[in-house]
Amino acid sequence: MLNNSQVEYDTIIPNNVSLSSDKRVLKALERWHPGYIDWWKDLGPVGFQESLVYLRTAINVDRDGWATFDYVKMPDYRWGILLAPQKENRLIPFGDHKGEPAWQEVPGEYRAMLRRLIVIQGDTEPASIEQQRFLGSTAPSLYDMRNLFQVNVEEGRHLWAMVYLLQKYFGSDGREEANELLKRQSGSEDAPRMLGAFNESTPDWLSFFMFTAFTDRDGKMQLEALAQSGFDPLSRTCRFMLTEEAHHMFVGENGVRRVIKKTCETMQKAGITDPYEINKIRELGVIDLPTIQKKINLHYSLSLDLFGSEISTNAANTYTASVKGRFWETKIKDDHILKNDTYPILEFDNGKIIRKDASALLSLNMRLRDDYTKDTSVSMKRWNRTIEEYQIKFEMSLPFEGFNRKIGTFMNANISPSGDVLSQENWDVNKNKFLPTNDDNVFIESLMKPETEPGKYAGWISAPDMGIDNQPGDFEYVKIHDA
Ligand code: BYC
């Protein structure tokens, strides 16, 4: 019996799930593999497929030494199936099955529910790669290019992780769903990706950093909730995915911080103290702080939509079924059943924002979203600290939860970032102050000139404080032509 922290590297798919002795699943995955590689080549990163990229590859699921760094051509990346080690005698921590041993097989009654969640999770992974596919050619440095590709290959691995669960536990339906995951396409009219934010484009690097700061953090919250699942293979899969996800959020948060830093530094050098002198600041080739705030407004509101409606019977059902829990479920001190509990929510009713207590079970999406907002505010603090260091009077903030929403109670409301209900007319007049305009986007895109000399950075972003894997400042993270 294989110790489940040991990884098999002899099969074409590295794994710690004993694939070599599970011929049925191994064959199914080997059959899926060429389609995946075709998809990667057609809809994955444009160009650079022959370049040597200094990538992290997961080789182990132990806490220490789980990854190695080396130069790899992206199509040769070892996309493996890695589950966190099985916890002995793990008990289900919530819902109707609380206290029962975690399931090693899918319970028949929850099959459709589990399949749906796994498919939605799986769908977001290739979607994000598709959204980011054109960014390589405008990377502001080799360091950033490498980080983009690292995020991409790991999202690819996360797709593999979901496909494994589908192939192993959901028979022919699972096989079909696995094939469909390669057919839908971000932004497509006929077969779009399943969730809203994953059909938006990521046309520039500030959008990429915002996406990884805000949308990858939704990923973290959803994975944390699925990691509580009574279905143990899903729990173990998500737990290991979270190890990789941390770096993606680092790329986003630190990316935005570096953009802010460069703007502040440039303003200071030029003696500009008013952050609203937008034209003057843009003439210096950096992105003004009010425009960065508009990007925050956009990406935060798009990411809030990913949590579903505030009141959701789907969420109540998956919790009661012990299939999807709360953020850090086991650390919460309550009965983990929630049938008699309430949770405070906001509702948009008759043009007014009303606070009320709703059933805790029905408002689980809202609760996860609140946890997300708390988590996100740590990034906001760090960004504001950078602005403070330059003594510029400007504070970034998260917009009100009802601003710019397409899902849930606020979907038809016009609400400002500060939470005021606006008439349609007032919204139309002010919209360009809240959200990036076409001119803003054109300006940002005009800055997207590649910088490919090791150790150099485009003029609108500062260098990171530290290299990846402790490499020196002038390290060649991508050998573009040397392969
Ligand atoms: N767009 O009861 P409701 C990540 C649908 S990101 C379109 O309000 P529910 C990553 C919903 O499907 C994390 N449709 O919501 C990040 C339902 O349709 P059906 C991805 C939406 O079900 C960066 C109907 O509206 N993982 O990993 O409680 C890079 C009513 O739904 C949307 C997950 O999301 C939307 N935004 O919650 C790479 C975890 N919202 O079924 C990766 C799995 C709702 O009635 N998914 N709808 O036709 C879930 O837990 C839940 O399905 C959701 C929705 C949180 C998405």
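The values are calculated or read from the model by the stated rules, or taken from the named source; none is laboratory data. Computed from a predicted structure; not experimentally measured. Reconstructed Cβ throughout: ideal geometry from the backbone, glycine too, with neighbour counts over all protein chains shown. The protein model used for the area step is the full one, side chains on, heavy atoms only, and it has no ligands, DNA or RNA in it. Shrake-Rupley method; radii C 1.70, N 1.55, O 1.52, S 1.80 Å.
Just a few scattered comments:
- Highlighted here would be helices (runs of 4 or more DSSP H) found entirely within region 157-239 that include at least 3 residues which are modelled with pLDDT under 95, under 30 Å from Gln86 (Cβ atoms) and not small (Gly, Ala, Ser), but there are none.
- From Ile287, Ile296, Ile353, Ile272, residue being part of a helix (DSSP H, G or I) and away from the ligand (no atom under 14 Å from the Cβ): Ile296
- Qualifying residue in region 48-71 (condition: open to solvent by less than 30 Å² (accessible area, probe 1.4 Å), of a type in the set (A, V, I, L, M) and in a loop (DSSP other than H, G, I, E, B)): yes
For every residue, the table says whether it meets (1) touching a residue at least 12 places away in the same chain (Cβ under 8 Å); (2) more than 12 Å from the chain's Cα centre (by Cα); (3) more than 18 Å from Thr386 (Cβ to Cβ).
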{"position": "Met210", "(1), (2), (3)": "yes, no, no"}
{"position": "Gln228", "(1), (2), (3)": "yes, yes, yes"}
{"position": "Pro233", "(1), (2), (3)": "yes, yes, yes"}
{"position": "Glu245", "(1), (2), (3)": "yes, no, yes"}
{"position": "Lys261", "(1), (2), (3)": "yes, yes, no"}
{"position": "Val286", "(1), (2), (3)": "yes, yes, no"}
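To keep it simple, each residue is scored yes or no on (1) closer than 26 Å to Gly408 by Cα; (2) surrounded by fewer than 21 Cβ atoms within 10 Å (Cβ to Cβ); (3) more than 11 Å from the ligand (Cβ to nearest atom).
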{"residue": "Asn179", "(1), (2), (3)": "no, yes, yes"}
{"residue": "Pro192", "(1), (2), (3)": "yes, yes, no"}
{"residue": "Gly196", "(1), (2), (3)": "yes, yes, no"}
{"residue": "Phe231", "(1), (2), (3)": "no, no, yes"}
{"residue": "Arg239", "(1), (2), (3)": "no, yes, yes"}
{"residue": "Thr243", "(1), (2), (3)": "no, yes, yes"}
{"residue": "His248", "(1), (2), (3)": "no, no, no"}
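- Filtered residues of region 299-323 (kept if near the ligand (Cβ under 10 Å from one of its atoms), among the aliphatic types (A, V, I, L, M) and more than 22 Å from the chain's Cα centre (by Cα)): Ile311, Ala316
- Checked against (1) more than 9 Å from the ligand (Cβ to nearest atom); (2) within 20 Å of Asp76 (Cα to Cα); (3) outside any loop (DSSP other than H, G, I, E, B), Ile129 meets all criteria but (1).
- Taken over region 455-482, the criterion of being more than 17 Å from Lys261 (Cα to Cα), open to solvent by 50 Å² or more (accessible area, probe 1.4 Å) and either touching a Cys at 6+ places or on another chain (Cβ under 7 Å) or part of a loop (DSSP other than H, G, I, E, B) (or both) is satisfied by Pro472, Gly473, Asp474, Glu476, His481, Asp482.
- Any hit, region 53-66, residues being under 25 Å from Gln131 (Cα atoms) and of a type in the set (Ser, Thr, Tyr): yes
- The listed residues are Lys220, Lys183, and the only one of them that is over 21 Å from Lys295 (Cα atoms) and basic (Lys, Arg) turns out to be Lys183.
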